[in-house]
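Reading through the structure tokens given below for one structure.
Only the coordinates and a few stated rules stand behind these numbers; no lab work does. Keep in mind it's a predicted model, so treat the numbers as computed, not measured. Cβ coordinates were reconstructed from backbone atoms using ideal geometry, including for glycine residues, and neighbour counts include every protein chain displayed.
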Amino acid sequence: MRRAASLAVAAAALVGSGCGNDESPAVADGSVITRPGCERSAPASAGAAPAGLHLPRARLVIGPSRPRENDRQITIVNGYIEIDPAQLAQVFRSRPELTILFDENDGFDAEVMVTDGRTRNFWKAVRRCKGGSSFTVTLAPELAAEN
């Protein structure tokens, strides 16, 4: 098990963000539970979901996010998700308000670009353990995505 920064932050990042999952990896003592063998793949501390982050219907831990250095409209988010990369596009297909613009599955890693018409998210997941992946999301407003 890995320790999260706090239960409040973890709960906000996992449940309050609308990930559509009844299973929260956050437990009462503030720790984050991962699949056995995936402990090192989860972020050391949980962060809040930034505005515009489109979350898949999957159990995940959002790590710290940061603006891109050369374009502050773009945000980079890292974390851990309990899926195999091959499932990445599938977990977004259950979100009817999102359009999948691109998806690619190489088995050990996968990429998906989704939009809600206002914000684009480019997700990349890489298998790190059995049933668990690290992810990086680049999110940008549609106007920034078009430039």
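Could you please find all residues in segment 35-54 being touching a Gly at 6+ places or on another chain (Cβ under 6 Å) and buried (at least 21 other Cβ atoms within 10 Å of the Cβ)?
Listed by number, the residues that qualify are Ser41, Gly47.
If you go through segment 115-132, how many residues are under 15 Å from Ile76 (Cα atoms) and under 14 Å from the mean Cα position of the chain (by Cα)?
Qualifying residue count for the region: 6.
Looking only at segment 55-74, how many residues end up being in contact (Cβ under 8 Å) with a residue 60 or more places away in the chain and surrounded by 21 or more Cβ atoms within 10 Å (Cβ to Cβ)?
Final tally of qualifying residues: 2.
Determine whether Val112 is under 11 Å from the mean Cα position of the chain (by Cα), surrounded by 19 or more Cβ atoms within 10 Å (Cβ to Cβ) and among the hydrophobic types (A, V, I, L, M, F, W, C). I'd like the intermediate steps shown before the answer.
On the way: under 11 Å from the mean Cα position of the chain (by Cα): no; surrounded by 19 or more Cβ atoms within 10 Å (Cβ to Cβ): yes; among the hydrophobic types (A, V, I, L, M, F, W, C): yes.
In short, no.
Consider Ser94 against the criteria (1) farther than 19 Å from Glu39 by Cα; (2) among the small types (Gly, Ala, Ser); (3) under 14 Å from the mean Cα position of the chain (by Cα): it satisfies all of them except one. Which criterion is unmet?
(3)
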